Amino acid sequence: EADRWIDFDFFGHQVSFHICEEAENLATNEVDGKPVPVRHFGAILPWVDWHELRDRLVAADTDFVIEPYIRFKGETGEQATMFFYDPSGNALEFKSFKDPSQLYAT
C-alpha cells in the first residue's frame with residue numbers, strides 16, 4: 001500500500017488499484033434492462049460466496065450501480081449479479097451461476 005495505490009489479494013490473485021484524477025464517465029450498454037458499464041472487471045464466485053458477499057456489501061451500504069439481483073431468471077445463462085464502482089471509479093461486477101456450466105451459455 002502507498003499514498004496513491006494499493007494491492008489486494010483478490011481470491012488468490014493480485015489486483016492493483018491506483019488513484020487517478022482524470023477518470024472519465026464510463027459508457028453503458030443495456031443488458032437485461034440494466035445499464036451495464038462497458039468497461040468493467042468481473043469476478044465469478046461460487047453461489048454461496050456471492051450471496052455472502054452481497055449480504056456484506058448491502059450491510060455496508062454500498063452504492064451499487066446495479067443492485068444485486070438474478071439476471072435472465074429462468075433462462076439460459078441465469079446468474080446472480082451486482083455492479084459497483086471502487087473508490088477510483090473502476091466498475092466491478094460480481095456474478096455467480098447456480099449451474100456453473102452456464103457460464104458461457106448463449
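Go through the stretch 33-62 and report how many residues are part of a loop (DSSP other than H, G, I, E, B), within 26 Å of Gly12 (Cβ to Cβ) and of a type in the set (A, V, I, L, M). So the answer is 2. Close Cβ contacts (under 6 Å, 6 or more residues apart or on different chains) running from residues in the stretch 48-73 that are farther than 20 Å from Pro37 by Cα to residues that are open to solvent by less than 90 Å² (accessible area, probe 1.4 Å) and part of a helix (DSSP H, G or I) are absent.
Name every residue in the stretch 63-80 that is assigned to a loop (DSSP other than H, G, I, E, B) and open to solvent by 40 Å² or more (accessible area, probe 1.4 Å), in order of residue number. Explain how you work it out, then say what you get.
So in the stretch 63-80, the residues assigned to a loop (DSSP other than H, G, I, E, B) come out as 63, 72-78.
Residues satisfying the conditions are Asp63, Phe72, Lys73, Gly74, Glu75, Thr76, Glu78.
Yes/no matrix, rows are residues, columns are (1) among the aliphatic types (A, V, I, L, M); (2) in contact with a strand residue (DSSP E or B) (Cβ under 8 Å, 6 or more places away or on another chain); (3) surrounded by 12 or more Cβ atoms within 10 Å (Cβ to Cβ):
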residue: Gln14; (1), (2), (3): no, yes, no
residue: Pro35; (1), (2), (3): no, yes, yes
residue: Leu45; (1), (2), (3): yes, yes, yes
residue: Trp50; (1), (2), (3): no, yes, yes
residue: Asp61; (1), (2), (3): no, no, no
residue: Met82; (1), (2), (3): yes, yes, yes
residue: Ser96; (1), (2), (3): no, yes, yes
residue: Gln102; (1), (2), (3): no, yes, yes
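The values are calculated or read from the model by the stated rules, or taken from the named source; none is laboratory data. All figures in this text were calculated on a predicted structure; none of them were measured in a lab. Every residue, glycine as well, gets a Cβ built from its backbone with ideal geometry; the counts of neighbours run over all protein chains shown. Ligands, DNA and RNA are excluded from the accessible area calculation, which covers all protein heavy atoms including side chains. Shrake-Rupley method; radii C 1.70, N 1.55, O 1.52, S 1.80 Å.
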